[in-house]
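Okay, so here's the structure we're looking at.
The values are calculated or read from the model by the stated rules, or taken from the named source; none is laboratory data. None of these values were measured; they are calculated from a predicted model. A quick note on method: Cβ atoms are made from the backbone with ideal geometry, for glycine too, and the neighbour counts reach across all protein chains shown.
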Amino acid sequence: MLTRTCLGGGAAAALSSLSPSIRRCSLLFPSVQQTLLLPFSPRLASYRISPSPRRFSASAAVATEEEHKAAVAVKPPQWKAAIDFKWIRDNKDVVAANITNRNSNANLELVLDLYEKFLNLQKEVERLRAERNAVASKMKGKLEPSVRQALVEEGKNLKEGLVALEEDLVQLSDQLQLEAQCIPNSTHPDVPVGGEESSVARKMVGNPKEFGFDVKDHLQLGKDLDLFDFDAAAEVSGSKFYYLKNEAVLLEMALVNWAIAQVSKRGFTPLITPEIVRSSVVEKCGFQPRGQNTQVYSIQGSDQCLIGTAEIPVGGIHMDSILSESDLPLKYVAYSHCFRTEAGAAGAATRGMYRVHQFSKVEMFVFCRPEDSDSYHEELIAIEEELFSSLGLHFKTLDMATGDLGAPAYRKFDVEAWMPGLGRYGEISSASNCTDYQSRRLGIRFHPTPPEGVQNPKKGKGAGSAPTRFVHTLNATACAVPRMLVCLLENFQQENGSVVIPDVLRPYMGGLDVISPK
Amino acid sequence: MLTRTCLGGGAAAALSSLSPSIRRCSFLFPSVRQTLLLPFSPRLASYRISPSPRRFSASAAVATEEEHKVAVAVKPPQWKAAIDFKWIRDNKDVVAANITNRNSNANLELVLDLYEKFLNLQKEVERLRAERNAVASKMKGKLEPSVRQALVEEGKNLKEGLVALEEDLVQLSDQLQLEAQCIPNSTHPDVPVGGEESSVARKMVGNPKEFGFDVKDHLQLGKDLDLFDFDAAAEVSGSKFYYLKNEAVLLEMALVNWAIAQVSKRGFTPLITPEIVRSSVVEKCGFQPRGQNTQVYSIQGSDQCLIGTAEIPVGGIHMDSILSESDLPLKYVAYSHCFRTEAGAAGAATRGMYRVHQFSKVEMFVFCRPEDSDSYHEELIAIEEELFSSLGLHFKTLDMATGDLGAPAYRKFDVEAWMPGLGRYGEISSASNCTDYQSRRLGIRFRPTPPEGVQNPKKGKGAGSAPTRFVHTLNATACAVPRMLVCLLENFQQENGSVVIPDVLRPYMGGLDVISPK
């Protein structure tokens, strides 16, 4: 069985990004490409040359069955995204440029070719069905035995041909789905084109703090203040796991409590989510749970995985449902633990708490009407900026370039905060507008409300109501605890080795205002 | 490869128990038993009849090599418990009665038989080594060629025999280890003998609340107050997963914060632990991560699993180390998410939040000197009683009967609280004294301090110091969130459908005092 794995934009930047790093993984099986570029079966190829169904005799059908099996090289998708193929075909140049800009390995030519073949085959199947029905109608009256015999024969041939073509249609549709799933979301016109270095700063808050002494990094501070234990965790669990100890426990709890309180105050519904989910839900959110370099931990002997972010279970909470327009927007603030294999991550950026296998995170998520997603994106980044400002951090907000966007994102704003111990800016949050990329996969639609004052002349369920539309989804980090710990420890260290707790967190730590050496 | 799976006491009560339910799992491979009851190899069997090593010719060694492979049916243990075989042999009757009382499938006769064989074989190996050394010594002087030739031949035979016996010794030691690991911890003399129904109430606090209206169960209350979503979780994750929503999120956070604060106030060091650990650590704590009915989720493609309780990573934090007596006791209060497959669980007790795959828990853990473990056990159950009393719950504390003890527990106190909606008492916590069962597996010892006033005449590292001893370990639930939610919702529901928040939790919920219908 072959699978198709999409390589997304942002693959190059995978290691520096917090939220969608999990999206880039995957190896491409070269044989898939080869298989898909060949005609799907001799029958399919010949059907275009000789479209008459009459050439399908019973024996021919048997012969092609063998060849057919050889061509069945694609694992059928477990679920299907509602991809707008017609839009892709009608906007070919835009889609092609977008694929290039986002360093995607999506094969647009192949998708369009498969789509055309699919449409033709679909037409042919419909034509054959009509023909078979016509033959069946003819047989209803009184007929000469020889005429009836000829009709029986013709009907039989038609039916056999139809069965075979319908099988081809299913296979073609599967291949089309698989290839088209690799096409990334379209891109907001203001997003800078290029690699990560092309990302544009939107805002800068504060200045790098000046220290009158040699600063320590968070690892040294954690050691001196007895705040974490990476060594014991390496024995018990593996490298890049850790225990939080003493005030670090209180600090994590305070950060989570504070973030939930701040965001729910702004009208977001608090959630605590499952951390084990079906692999299909992970895929539908645009992450790839399989493949050698996957960021996703899978559960042995089941189709479940551990979440890398609460975006997955929150995105899934309205899976396969039709909301009413008046329900929108639905805003959630979700607390979960997150688990990432961090396959392939190595080097200085992986020191200490910066990149770890397990962490706590408070995540914001919005389901909204398409026309509102840009403004909710602005709202989300504004909330992030308020949160980090109130902690007293120095940070910048970036409009990330096309090359850094994961497949689901239409636009992504990252926040990078100054980490004096590490001596650089580090990503602490990310806010993405995924427009309808995830909702087309998760099956989340809404019923538009008829405009006020417009009388609906027809009565009855759904009668006359506007067609359903896909919602837009957005996600944004409110608080990724380990990166916050890095920032707080490194920025608020004092010459005497203690660390001052930001004012806003003190009420959540029983009034504790400083972590002092024991 | 065959493995040996221990079936513990408490297997019958597995479903009703919160903490050690994870311990009973496992099926017994019948072929292991058969293999182990047979002589280990023809070579071994014959060694007892003809103990002379001289019968091992080179060709005989080759011949037995084949037979040997057939006999190697036991997977060597990845780690070894420091089991006191001599004590087991010298206290055979006590151990046998204990195995019976605890419904263990440990095979004491086999262990003793293997131990005797092991000791004999060890002696034989030592004798052979001495003989080989004697031959080697003889060859040092000037010798007649024929005498030298005879000695060379004898030395060669001895060496071959020794290599084969040493292999047998390793195998025998592995089998002994595997069988002996199934022997449960010994039992406190005051523990009632019998099945779960023989457990004795130690204490009763409060009375079942009287309601002047028809009470709802927590599921109904949660639905009416929009506190959880099991339906969406069933789609996204599977059955028995859930989202917490709205005030349930605040209530979980409050319970965790409150429990950590209350317990750390009593001198326990707060921890947040890894939730992915190596399988070997799970085993060393007395849980069984493998087998068809295991309670443990394993990670695909690695030797790691998800923790079912923070007892595992906290037990592991001092793995393979020697503490100093002055470090003891080490008291921890650890917050983690817990994951359990709940394989085999079904029926009424599994309704709603009562038995779920993922939950938050605050766990207490103590490492102490052996002479102190009974009193720390009393301290732990006293803390639990204080915590649950201050929430205003009605509960009883039980001294659990032998048949309900998991293999690691020397004694276990359970707390069962009244759940008016479910109309019964339900387990909300468990406090176990595991004495040296876990420390002998995890390799956690301490070096006794020489008594005050005793001069240590010898200087230098470790010179003259007393031999190391194994610490005792204890674990106890401070707060298992879902069971607490069941208790709080069902006990504090009001006629108008609202739920009153206990006083002690209000400071952790921003002063919220009641959850009212929206």
With respect to the numbered conditions (1) free of Cβ contacts under 8 Å to residues at least 24 places away in the same chain; (2) more than 14 Å from chain A (Cβ to nearest Cβ), which one is the sole condition not fulfilled by residue B:202? (1)
In the stretch B:481-518, residues that are part of a loop (DSSP other than H, G, I, E, B) and either of a type in the set (D, E, K, R) or under 13 Å from residue B:224 (Cβ atoms) (or both) total 9
Which ones in the stretch B:404-435 are assigned to a strand (DSSP E or B), touching a residue at least 24 places away in the same chain (Cβ under 8 Å) and not hydrophobic (A, V, I, L, M, F, W, C)? B:411, B:412, B:414, B:425, B:426, B:427, B:429, B:430, B:432, B:433
Output the residues belonging to the stretch A:422-438 that are touching a strand residue (DSSP E or B) at 6+ places or on another chain (Cβ under 8 Å) and among the small types (Gly, Ala, Ser). A:426, A:429, A:430, A:431, A:432
Any chance residue A:385 is part of a helix (DSSP H, G or I), over 29 Å from residue A:493 (Cβ atoms) and more than 18 Å from the chain's Cα centre (by Cα): no
Filter result for residue A:412 (among the basic types (Lys, Arg) and under 20 Å from residue A:490 (Cα atoms)): no
Only residues in the stretch A:136-164 that are assigned to a helix (DSSP H, G or I) count as the first member; pair them with residues that are basic (Lys, Arg), Cβ under 6 angstrom, at least 6 apart or cross-chain, and list the lot. A:151/A:138; A:158/A:132
Consider residue A:347 carefully, then state whether it is surrounded by fewer than 19 Cβ atoms within 10 Å (Cβ to Cβ), modelled with pLDDT of 95 or more, on the phi > 0 side of the Ramachandran plot and more than 20 Å from the chain's Cα centre (by Cα). no
In the stretch A:220-337, which helices (runs of 4 or more DSSP H) lie fully inside it and hold 1 or more residues that are surrounded by fewer than 23 Cβ atoms within 10 Å (Cβ to Cβ) and more than 9 Å from chain B (Cβ to nearest Cβ)? A:230-236, A:247-265, A:279-284
Here are the criteria: (1) out of contact with any Ser or Thr (no Cβ under 6 Å at 6 or more places or on another chain); (2) within 30 Å of residue B:91 (Cα to Cα). Tell me which single one residue B:184 does not satisfy. (1)
So how many residues does the stretch B:388-403 have that are farther than 19 Å from residue B:262 by Cβ and outside any strand (DSSP E or B)? 5
Report whether or not residue A:185 is touching a residue at least 12 places away in the same chain (Cβ under 8 Å), buried (at least 24 other Cβ atoms within 10 Å of the Cβ), of a type in the set (S, T, N, Q) and outside any helix (DSSP H, G or I). yes
Would it be correct to say that residue A:204 is more than 30 Å from residue A:95 (Cα to Cα) and touching a Lys or Arg at 6+ places or on another chain (Cβ under 6 Å)? yes
May I ask you to list the residues in the stretch B:358-376 that are under 15 Å from residue B:408 (Cα atoms) and within 14 Å of chain A (Cβ to nearest Cβ)? B:365, B:367
Show the residue pairs that are 6+ apart or on different chains and have beta-carbon atoms under 9 Å apart, the first residue being within the stretch A:464-476 and among the β-branched types (Val, Ile, Thr), the second being modelled with pLDDT under 95 and assigned to a loop (DSSP other than H, G, I, E, B). A:468/A:448
